[in-house]
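*Asks:* Sending over a structure as structure tokens; questions will come in a sec.
The values are calculated or read from the model by the stated rules, or taken from the named source; none is laboratory data. In this text the structure is predicted, and so the values were computed from the model without any measurement. Every residue, glycine as well, gets a Cβ built from its backbone with ideal geometry; the counts of neighbours run over all protein chains shown. The accessibility values were calculated without ligands, DNA or RNA, using every heavy atom of the protein model including side chains. Shrake-Rupley method; radii C 1.70, N 1.55, O 1.52, S 1.80 Å.
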Amino acid sequence: TTDGKVEHVVSELPIAREIPIGGVRPGPRMWRWKAGEAHTLVWCEALDGGDPKREVAHRDKWMSRDLEAGEPAEELLRVEHRARGLTFLADVQRVITSEYDRDRRWTREVCHDLGGRSGPVVLEDRSIRDRYGDPGNLVMVADDSGQSVAAQNGPWLYRAGAGATPEGLLPFLSRQNIETGRAEVLWRCSAGTYESFAFLASPGIASLGGEDV
């Protein structure tokens with residue numbers, strides 16, 4: 001609390017002396033609050049002991065715990081490769097996991113429906129060396145509680161990127177459908193100039209090319 005009282009001990013971890021090269025420490029890591037749920041803590045845990053050489057079906061799992069309810073922690077979902085991040089949507093039952101395959105130098109983003117209404121949808125699946133295929137970063141906004149969630153208009157999310165091309169960097173703004181994974185560029189900097197996306201004023205109000213964005 002603001003007066004120094006301990007509300008909850010998230011974890012007590014020993015000195016990280018024996019973490020394998022390219023591995024992570026066992027136990028909770030990457031803690032954050034769950035968007036839309038003021039008292040719910042979310043974190044990641046390794047399922048391979050933090051050792052990237054161990055053969056497992058899933059390397060990490062995402063956990064959550066409602067501190068106000070006092071219930072035990074529960075598992076949200078598992079990812080095949082090493083977790084890199086978790087992004088919430090305005091509908092907190094939908095999350096986007098980011099994971100990294102060290103062996104192939106491969107990155108992947110997948111949209112999951114925690115409510116089981118639909119199956120996972122792959123939003124990004126590429127080599128980290130493929131700069132031309134980089135879909136850009138998700139555009140984030142603050143929800144009513146001040147937590148960051150992905151900017152959204154119906155099934156569409158927004159991405160902004162540096163836009164590496166054979167002609168040089170041509171920054172862009174695009175949108176991507178979380179139901180199909182389909183993406184389309186809404187705006188791209190013209191060759192011979194250099195402009196980049198700054199911020200999204202309000203999803204669904206502006207219009208580009210006849211489409212509400």
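*Asks:* Rounded, prolate or oblate: which one fits the range 111-178, using the alpha carbon gyration tensor with axes a ≥ b ≥ c (rounded when a/c is under 1.5, else prolate when a/b beats b/c, else oblate)? Before the final figure, lay out each step's value.
*Replies:* Working: a/c = 2.63, a/b = 1.54, b/c = 1.71.
The shape class here is oblate.
*Asks:* When Lys and Arg each count +1 and Asp and Glu each count -1, what net charge do the other residues less than 11 Å away from ARG159, Cβ to Cβ, add up to?
*Replies:* Numbers: positive: ARG175; negative: GLU109, GLU124, ASP134, GLU184.
Cβ neighbours under 11 Å give a net charge of -3.
*Asks:* Further question: How far, in nm, would the chain grow between THR165 and GLU37 when pulled straight, counting 0.36 nm per residue and subtracting the alpha carbon separation?
*Replies:* Details: separation 128, 0.36 × 128 = 46.08 nm, distance 4.07 nm.
Difference between extended and current length: 42.0 nm.
*Asks:* Just to be sure I understand: with springs between alpha-carbon atoms less than 10 Å apart, which residue in LYS53, LYS34, LYS61 has the highest mean-square fluctuation in the Gaussian network model of the chain?
*Replies:* LYS53
*Asks:* While we're looking at this one, here's another question. Provide the packing ranking of 7-19, 78-90, i.e. peptides ordered by the mean count of other C-beta atoms within 10 Å per residue, highest first. If you can, show how the numbers build up before the last one.
*Replies:* Values: 7-19: 9.2, 78-90: 18.7.
Highest mean packing first, the order is 78-90, 7-19.
*Asks:* Pairs of alpha-carbon atoms within less than 8 angstrom and 6+ residues apart define the contacts here; what relative contact order does the chain have, in percent? Walk me through the intermediate numbers first.
*Replies:* Working: 428 pairs, mean separation 22.6, N = 213.
About 11 percent, as a whole number.
*Asks:* Given points 7 Å out from each Cα along the Cα-Cβ axis, report the MET30 to GLU74 separation in nanometres with one decimal.
*Replies:* 2.1
*Asks:* Whole Å is fine, so just give me how far the alpha carbon centre of the range 1-30 lies from that of the range 134-177.
*Replies:* Between the Cα centre of the range 1-30 and that of the range 134-177, the gap is 31 Å.
*Asks:* With each pseudo-label sitting 7 Å past Cα toward Cβ, what's the THR180-ASN137 distance in nm, one decimal?
*Replies:* In this crude label model, THR180 to ASN137 measures out at 2.9 nm.
*Asks:* Rolling a 1.4 angstrom probe over the protein heavy atoms, how many square angstrom per residue are accessible across the chain?
*Replies:* Working: 12350 Å² over 213 residues.
On a per-residue basis, the chain sits at 58 Å².
*Asks:* Averaging sequence separations of C-alpha pairs under 8 Å and six or more residues apart, then dividing by the length of the range 91-199, give the relative contact order as a whole percent. Walk me through the numbers before you get to the answer.
*Replies:* Working: 205 pairs, mean separation 17.7, N = 109.
The value is 16 percent.
*Asks:* Just to be sure I understand, if you calculate Cα extents along the principal axes in Å for this structure, which of (i) 50, 40, 40; (ii) 54, 39, 37; (iii) 67, 40, 28 do you get?
*Replies:* Correct label is (ii).
*Asks:* Considering only protein heavy atoms and a 1.4 Å probe, what is the carbon-and-sulfur percentage of the accessible area of the chain? Please report the intermediate quantities before stating the final value.
*Replies:* Values: 5950 of 12350 Å².
Carbon and sulfur together cover 48 percent of it.
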